[in-house]
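The values are calculated or read from the model by the stated rules, or taken from the named source; none is laboratory data. Note that this is a predicted model, so its numbers are computed, not measured. All Cβ positions, glycine included, derive from the backbone under ideal geometry; neighbour counts span all protein chains shown. For the accessible areas, the whole protein counts, side chains as well, though only heavy atoms, and no ligand, DNA or RNA atoms are used. Shrake-Rupley method; radii C 1.70, N 1.55, O 1.52, S 1.80 Å.
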Amino acid sequence: MDLELSPADREFRDGLREVFLGKIPEDVRRRSTLGRTTREDIVTSQRVLNQHGLAVPHWPREWGGRGWTPTQSHLYSAELQRAGIPQPLAFNVSMVGPIIAEFGSAEQKRKFLPATANLDIWWSQGFSEPEAGSDLAGLRTTARRDGDHYVLNGQKTWTTLGQYGDWMFVLARTDPDAPRKQQGLSFLLLDLNTPGVERRPIRLIDGSAEVNEFFFDDVRLPVENLVGEENKGWSYAKFLLGNERNGIAQIGASQRIYADLAAAATRRPTEDGPLAGDPQFRAALHRVKTTLLALEATQLRVTAASENGKASPVSSLLKLEGTQALQELSLLRMRAAGSDGMLLDTEAPLPSGEAAAVSAAQYLNLRKLSIFGGSNEIQRGVIAKTILGL
């Protein structure tokens, strides 16, 4: 494996940087690096990317895809994170979009895919329930067939950014008598303005309310909003969750945070001089840097394997180590902020020391990385079985 980029790939990377740094407004990128991205920021950046053919490059070509190599896809994700650009809305570009493109009807593709790519529709994910999170197949929300409609009843929770949602893709039980709980599930598309839908915010430990719960009381949705075949939703959900886990390591974002933190530590005074000179802080910072270098090399190995048509279980290692590195950086950033990093109301205006002011909120928010997209405990089990052969 060659860790050096080819001249063609370097040219490709430089072209991405021209768009990322030259076309996305600087204030949008600044708020993104501080974890203060607004709904309008996400819409603005995704529409700019879509104008340049960079919102959904992994989709089929007929719907905006680019047919990139795995290395080019890796460079796209890494450069997007390094530039501090809000990620294209994952529920649109990595979840429901690919599902509709792969399994949807011709009418569903025509109606939803262009609007999904341009964020004219904001999608929400209706999977997790109070008693069906890690055990998603145990969900209890039902969709009973009634003529040319389904009647939806149940509850969904932990719906990230659901306060902005226009539509929701819902996994619901259409055959309660199926012999296995993975069977009898269907993938449905729901207009959230339909009567009988109620949404409520959930306040989080960092003071934000980025997740929500939804309640469905005899909600009627047309049968034509079924994606694929009835009772085949579990297969589509597995396809979707595989896309969800891509990129959770956020190596590019961690590299950007590391560089900002290293610079900030030289300006942070302590009794013995700048924080950058503190042996313990410096050692912790270098440990993270070493981890990030190893992660980047590992990511390129995984990319090289995928170019040869081989799936790599090392992606579990990337998720585990990558999220831990990001959490460690958030801890070090809070230490560097000192008293300036006291927890703020996430809706309050930022003071002059912006990065310091949000450090506590980001530290608390990033605790979630150990859980979503496949908990780190689960990833350790995958590593033990598929890599170590235990």
To make sure I understand the rule: partners must be lysines, Cα under 17 Å from the Cα of Lys232, and not fewer than 8 residues away in the same chain. Which ones qualify? Lys181
Go through segment 6-17 residue by residue and turn each phi into a ³J(HN,Hα) via Karplus (6.51, -1.76, 1.60, θ = phi - 60°); whole Hz please, and just put x for glycine and proline. 6, x, 5, 6, 5, 5, 4, 4, 5, x, 4, 4
Can you compute the helix-only [θ] at 222 nm over the chain? Use -39500 (n - 2.57) per DSSP H run of at least 4 residues, normalise by all residues, nearest 500 deg cm²/dmol. -13500 deg cm²/dmol
With a ≥ b ≥ c the root eigenvalues of the C-alpha gyration tensor of segment 94-244, is it rounded (a/c under 1.5), prolate (a/b larger than b/c) or oblate? rounded
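So for the chain, averaging the separation of alpha carbon pairs under 8 Å that are six or more residues apart and normalising by length, what relative contact order in percent results? Numbers along the way, then the final one.
Working: 638 pairs, mean separation 54.4, N = 390.
It rounds to 14 percent for the chain.
Highest mean first, how do 139-151, 274-286, 116-128 rank when packing is the count of other Cβ atoms within 10 Å averaged over residues?
Numbers: 139-151: 16.8, 274-286: 14.5, 116-128: 22.7.
Ranked from most to least packed, the peptides come out as 116-128, 139-151, 274-286.
Taking all protein chains in place and a 1.4 Å probe, what share, in percent, of the accessible surface of the chain do carbon and sulfur account for?
Within the chain, the accessible surface is 51 percent carbon and sulfur.
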Given that just one value was derived from the coordinates, which of (1) 199; (2) 154; (3) 174 is volume of the Cα convex hull per residue in Å³? (2)
For Arg220, list long-range residues whose amide hydrogen, built 1.01 Å from N in the peptide plane, is under 5 Å from its own amide hydrogen. Leu152
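So with the 1.4 Å probe, I'd like the accessible area per residue for segment 7-88, rounded to whole Å².
Counting only protein heavy atoms, the per-residue value for segment 7-88 is 48 Å².
For the chain, give the share of DSSP beta bridges that are antiparallel, in percent and rounded to the nearest 5; count only bridges with both residues there.
Values: 32 of 38 bridges.
Percent antiparallel among DSSP bridges in the chain is about 85.
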Per-residue ³J(HN,Hα) for segment 30-38, Karplus 6.51 cos²θ - 1.76 cosθ + 1.60, θ = phi - 60°, Hz, x for Gly and Pro: 5, 5, 5, 5, 9, x, 10, 4, 9
List the residues, sorted by chain then number, that are 5 or more residues from Ile202 or on another chain and whose placed amide H is less than 5 Å from its amide H. Val211, Asn212, Glu213
